[in-house]
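In what follows, a structure is listed as structure tokens, so that the remarks can point back to it.
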Amino acid sequence: MVISAKWSFNGETKIILGNWHRLWCLLFGPLYYLFKGMWLWALVSLLTVNGLWIGFPLYNRSIVLRHFHRKGWVQE
């Protein structure tokens, strides 16, 4: 299930979570969060060795959705 969001400032639409987001998070860890622009989560993921391999992929959906919601993106 693809989740997209719309930025209320200018109406830009962006896909924030793809179908395989947990797998990408598990395989690439900090690089996944850097690609998303989530610098703090990339650092935390790097320091905890990718969330001990289970935590970050399981909670990736809520982490990413909360990050983009705080930045002003509204889920469609």
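A short reminder: the numbers here are calculations on the coordinates, not readings from a lab. No experiment lies behind these values; they were computed from the predicted model shown. All Cβ positions, even for glycine, are placed from backbone atoms using ideal geometry, and neighbour counts span all protein chains on display.
Annotations for the structure displayed:
- Sum of side-chain charges, GLU12 neighbourhood, beta-carbon under 13 Å (Lys, Arg +1; Asp, Glu -1): +2
- Once log10 I(q)/I(0) by the Debye sum over Cα atoms at q = 0.11 Å⁻¹ is calculated for the structure shown, the corresponding label among [x] -0.75; [y] -0.26; [z] -0.45 turns out to be [y].
- Against the chain, whose longest principal axis is taken from its Cα atoms, helix 55-70 shows a tilt of about 30°.
- If a spin label sat at a point 7 angstrom from the Cα of TRP7 along the line to its beta carbon, the backbone N atoms of region 57-75 nearer than 15 Å would be those of 68-75.
- By the helix-only formula, in which each DSSP H run with n ≥ 4 contributes -39500 (n - 2.57) and the sum is divided by residues, the chain has a 222 nm mean residue ellipticity of -16000 deg cm²/dmol.
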